[in-house]
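Asks: First the structure, then my questions, so here it is.
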Amino acid sequence: MKDNMFENTLDIYAHSNNLKDMNAYFKVLFAIVTMLISLISTSPVIPFIIAFFMSFLILFKAKIPWKFYLKFLAVPFSFALLTFVFMAIFFGVGTHVLELGIFNLAVTADGFNLGLLVFARIMGGFTCLAFLALTTPMTELFSILEIFKIPKIVLEIAMLMYRYIFVFLDEALNMYHAQETRLGYSSLKKSFKSLGMLGSNLFIIAWIKGEQAYTAMESRCYNGSIKTLKEPESLRNIGSLNLTLLVLFEVILSIGIYFTGNFRIF
Amino acid sequence: MKVIKTDNITYRYPDGTKALNNVNFSATNGKIVMLMGPNGAGKSTLFLHFNGILRPTSGSLEIDGTPVSYERKDLVKLRQKVGIVFQNPDDQLFAPTVREDVAFGPSNIDLPEEEVKSRVKEALKRVDMEGFEERPPHYLSGGQKKRVAIAGILAMCPKIMVLDEPTSGLDPKGAFQIMRLLCKLNREGITIIIATHDVDIVPIYAHEVYVISEGEILKKGTPKEVFEDKELIRKANLRLPHIAHLFERLQDEDQISFGKSYPLTISEAKKRIVEKTRDNKKFN
């Protein structure tokens, strides 16, 4: 891999993790079904278990470096935490479990429970998506999306976007370095100005690149639609062992939901 | 037989500036033809005429013996026959994987799926990029991207392959591999047309050479004929190959002559030097 500038991107991990060669269809089903279970759970227990289990898979099976994973998780985690705090304080009526002492604010029992549930669901759902994003290359996801009958036009746009994000990034980075070389970011005021120029220039470059790409496509008889090759049948073939494990895992989680459904901390 | 023949092509940009002025260019079947000119001379503009992307303001062109028709279905046929490899492979490689990119051309001419797949396999094999099928283009090196771009054209089985600056931006090894590949394809029967300002590669690979400057063809001929006219070459913002320049200086500054015309390639120069030193030894 030559371009080290993409070293710390999600994409490089998706292409080089330890679970890369596992059947993509299996990974997608696993992630989506588990996420749904996390969402229908009425107690925070199962979503938390899912979050831990998925994190375990990501860190120890796919062997994603924990530093990168924690950074990746930081944004949704802070968002979820904020939601939790606000819900605990402002939602719900009933017994106060904790007086804050200012503005007569207090944490209520059902507010706290609801907040915790939402927090758990966010983390459970997000780790499922993280598992998918970190272990499955985009290129394979496109073929899965095709199996799921996503409209062709959406898929085409997604494919072009995926490819050209990297060209765009490359261009932006080069321009940024060129500006930095000439001290474009040496003060706050200059930074604003430079960033503005970078943005407007990128827009123009994107336009030109788009035109050039179109000419190149036209040269290869482009007629308005990109025909993709049909994926080999093996893609749908998850394998009976994997399928059994998947069903078993989801059933256990569902039973878990049934038994922990009424679990409340307060 | 001429596979490409342009007859006094003139092309004006929409704003009126002339990009090409009465260009007469032709390419012989099965040859490597190089179009040599500085930046902005109109090389790329001329190339875009060969597959009907641009339409000449005046003049006409014949591809493979038939005048170009701009009907939709004729254009599809024309573009199969004439494949263009663009200068920047990032403009050309648009698909998320190598395989899908190479498959783009053949799928567009409505070949059956099996045929497309076998063509993709074959094309990647010919450019020596087997095993990269599932890779996204952004994780390939410059030379690899270029070869995938060539495979994308090869998969359409063209008769003529047109390449815009195929060696620009590549390291010496990558550039050499591309040129070797193009020679191989040429031996297999594809007419190769190359735009370049890398004058050192011209005498090594070209059978026919055109010099273009400011939208006009200044000279045509074999590499030897073209480089003989030093003034013209320099007027076109080009230069002699380094090796010829060395022999020019030896002659002009040190009065050491190795024959009337300067050798253009290393092997030719070597031959002349060896001959001359042998002659000298005889006299000593």
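The values are calculated or read from the model by the stated rules, or taken from the named source; none is laboratory data. Computed from a predicted model, the values in this text were never measured in an experiment. Cβ: placed from backbone, ideal geometry, glycine included. Neighbour counts: every protein chain shown. Side chains included, ligands, DNA and RNA excluded: accessible areas come from the protein's heavy atoms. Shrake-Rupley method; radii C 1.70, N 1.55, O 1.52, S 1.80 Å.
Asks: Give me the aspartates and glutamates in straight-line cross-link reach of B:K73: C-alpha distance below 14 Å, same-chain residues under 8 apart excluded.
Replies: Reachable aspartates and glutamates: A:E218, B:D110.
Asks: Whole Å is fine, so just give me how far the alpha carbon centre of region B:97-154 lies from that of region A:89-157.
Replies: Cα centroid of region B:97-154 versus Cα centroid of region A:89-157: 40 Å apart.
Asks: Could you check what % of the DSSP bridge pairs in the protein assembly as shown are antiparallel, to the nearest 5?
Replies: Numbers: 21 of 39 bridges.
Among the beta bridges of the protein assembly as shown, antiparallel pairing accounts for roughly 55 percent.
Asks: Can I ask one more? For the interface of A with B, what's the total buried accessible surface in square angstrom, probe 1.4 angstrom, rounded to the nearest hundred? Walk me through the intermediate numbers first.
Replies: Numbers: alone 17100 and 14810 Å², together 28500 Å².
The contact between B and A buries close to 3400 Å².
Asks: Right, here's the next one. Please build a GNM for chain B, connecting alpha carbons under 10 Å apart, and tell me which residue among B:G105, B:G59, B:G37 fluctuates the most.
Replies: Residue with maximal mean-square fluctuation among B:G105, B:G59, B:G37: B:G59.
Asks: I've got another one for you. Just which residues of region B:78-93 lose 40 Å² or more accessible area with every protein chain there, against their chain alone, with the probe set to 1.4 Å?
Replies: B:R79, B:F86, B:D90, B:D91
Asks: Between the alpha-carbon centers of region A:5-47 and region A:208-229, tell me the distance in whole angstrom.
Replies: So the separation of the two Cα centres works out to 33 Å.
Asks: How big is the charge dipole of region B:240-284 about its Cα centre, in debye rounded to the nearest 20, if each Lys and Arg gets +1 on its Cβ and each Asp and Glu gets -1 on its Cβ?
Replies: So the dipole magnitude of region B:240-284 works out to roughly 320 debye.
Asks: Mind pulling the angle between the C-alpha long axis of helix B:72-81 and the longest principal axis of chain B? Nearest 10 degrees, somewhere in 0 to 90.
Replies: Value to nearest ten degrees: 40.
Asks: How much accessible area per residue does the protein assembly as shown have, in Å², with a 1.4 Å probe?
Replies: Per residue, the protein assembly as shown has 52 Å² of solvent-accessible surface.
Asks: When the Kirkwood radius is taken over all Cα pairs of region A:62-204, what Stokes-Einstein diffusion coefficient follows at 4 °C and 1.567 mPa s, in µm²/s?
Replies: Details: Rh = 19.9 Å.
The Stokes-Einstein estimate is 65 µm²/s.
Asks: Follow-up. So, how do all the Cα-to-Cα distances of region A:108-168 break down into 5 Å bins, in percent, from 0 on up?
Replies: The distribution over region A:108-168 is 4, 15, 15, 16, 15, 11, 9, 8, 6, 3, 0, given as percents.
Asks: Moving on to the next point. Output the 0 to 90 degree angle, nearest 10, between the alpha-carbon long axis of helix A:24-40 and the longest principal axis computed from the alpha carbons of chain A.
Replies: 40 degrees
Asks: Of all the Cα-Cα pairs you can form in chain B, what percent are over 31 Å apart?
Replies: Of the Cα pairs, 34 percent sit more than 31 Å apart.
Asks: May I pose another question? So what's the projected area for region B:240-284, the Cα convex hull averaged over all directions, in nm²?
Replies: 3.1 nm²
Asks: Over chain B, with a Gaussian network built from C-alpha contacts below 10 Å, which listed residue (B:S267, B:S60, B:S213) shows the highest mean-square fluctuation?
Replies: B:S267
Asks: Name the lysines eligible as straight-distance cross-link partners of B:K276: C-alpha to C-alpha under 19 Å, and not fewer than 8 places from it in the same chain.
Replies: B:K260
Asks: Using only the Cα atoms of region B:168-251, each taken as one equal point scatterer with no solvent, compute I(q) by the Debye sum, divide by I(0), and report log10 of the ratio at q = 0.14, 0.20, 0.23 Å⁻¹.
Replies: -0.54, -1.02, -1.22
Asks: Take the alpha-carbon positions of chain A, form their convex hull, and give its projected area averaged over all directions (one quarter of the hull surface) in nm².
Replies: Reported value for the Cα convex hull: 20.5 nm².
Asks: Sort A:16-25, B:190-199 for me by packing, meaning the mean count of neighbouring Cβ atoms within 10 Å per residue, highest on top. List each step's numbers first, then the result.
Replies: Numbers: A:16-25: 16.4, B:190-199: 21.8.
Order by mean packing, descending: B:190-199, A:16-25.
Asks: Could you work out the per residue convex hull volume over the alpha carbons of the protein assembly as shown, in cubic angstrom? Numbers along the way, then the final one.
Replies: Working: hull volume 130.3 nm³, N = 550.
Value for the protein assembly as shown: 237 Å³ per residue.
Asks: Please report the equivalent ellipsoid semi-axes of region A:129-245, computed as sqrt(5 x eigenvalue) of the Cα gyration tensor, largest first, in whole Å. Write out the running numbers ahead of the final one.
Replies: Values: eigenvalues 298, 95, 20 Å².
Ellipsoid half-lengths, sorted descending, are 39, 22, 10 Å.
Asks: Let me check I've understood the local charge: for B:I178, count other residues with C-beta under 14 angstrom from its C-beta, Lys and Arg +1, Asp and Glu -1. What total comes out?
Replies: Values: positive: B:R126, B:K145, B:K146, B:R147, B:K173, B:R180, B:K184; negative: B:D128, B:D164, B:E165, B:D171, B:D198.
My count for the surroundings of B:I178 gives +2.
Asks: To the nearest 20 Debye, how big is the dipole of the protein assembly as shown about its Cα centre, given +1 on the beta carbon of each Lys and Arg and -1 on that of each Asp and Glu?
Replies: With only Lys, Arg, Asp and Glu charged at Cβ, the dipole is about 900 debye.
Asks: Hey, which of these cross-link pairs are over 29 Å Cα-Cα: A:K27/A:K152; B:K159/B:K220; B:K184/B:K270; A:K193/B:K43; B:K159/B:K219?
Replies: A:K193/B:K43
Asks: Cβ neighbours within 10 Å, averaged per peptide: list B:150-163, B:109-122 in order, most packed at the top. Could the numbers behind the result be given before it?
Replies: Details: B:150-163: 24.1, B:109-122: 15.7.
Taking the mean over residues of other Cβ atoms within 10 Å, the ranking is B:150-163, B:109-122.
Asks: Take every Cα-Cα distance within region B:59-187, group them into 10 Å bins from 0 onward, and report for each bin the whole-number percent of pairs it holds.
Replies: Values per bin, smallest distances first: 13, 43, 33, 11, 0.
Asks: A follow-up question, please. Grab the beta carbon distance between A:L10 and B:D254, set R0 = 51 Å, and tell me the FRET efficiency rounded to 0.05.
Replies: Efficiency for this residue pair is about 0.20.
Asks: Any idea what angle helix A:188-219 forms with the longest principal axis of chain A, computed on alpha-carbon atoms, 0 to 90 degrees, nearest 10?
Replies: Rounded to the nearest ten degrees, it is 70.
Asks: Work out the mean other chain Cβ neighbour count within 10 Å for the residues of B:132-140 and drop it here as an integer.
Replies: If you average over the peptide's residues, the count of other-chain Cβ atoms is 5.
Asks: Quick check: at a probe of 1.4 Å, how many percent of the accessible area of chain A sits on carbon and sulfur atoms?
Replies: Carbon and sulfur atoms account for 72 percent of the accessible area of chain A.
Asks: Starting from the coordinates of the alpha-carbon atoms of region A:173-237, obtain the Kirkwood hydrodynamic radius over all distinct pairs and give the value in Å to one decimal.
Replies: Numbers: mean 1/r = 0.0649 Å⁻¹.
Evaluated on region A:173-237, it is 15.4 Å.
Asks: Let me check the size of region A:20-83 from its C-alpha atoms; what are the radius of gyration and Dmax in Å?
Replies: For region A:20-83, the Cα radius of gyration and maximum Cα-Cα distance read 13.0, 37 Å.
Asks: Over region B:240-284, what percent of the accessible surface lies on carbon and sulfur atoms, probe 1.4 Å?
Replies: Percent of accessible area from carbon and sulfur atoms in region B:240-284: 55.
Asks: Now a separate question. What 222 nm value per residue comes from the helices of chain A, counting each DSSP H run with n ≥ 4 as -39,500 (n - 2.57) and dividing by all residues, nearest 500 deg cm²/dmol?
Replies: -23500 deg cm²/dmol
Asks: Give A:K67/A:K149; A:K63/A:K209; B:K2/B:K145; A:K71/A:K209; B:K230/B:K271 a once-over and call out the pairs whose C-alpha atoms are over 29 Å from each other.
Replies: Flagged as over cut-off: A:K67/A:K149; A:K63/A:K209; B:K2/B:K145; A:K71/A:K209.
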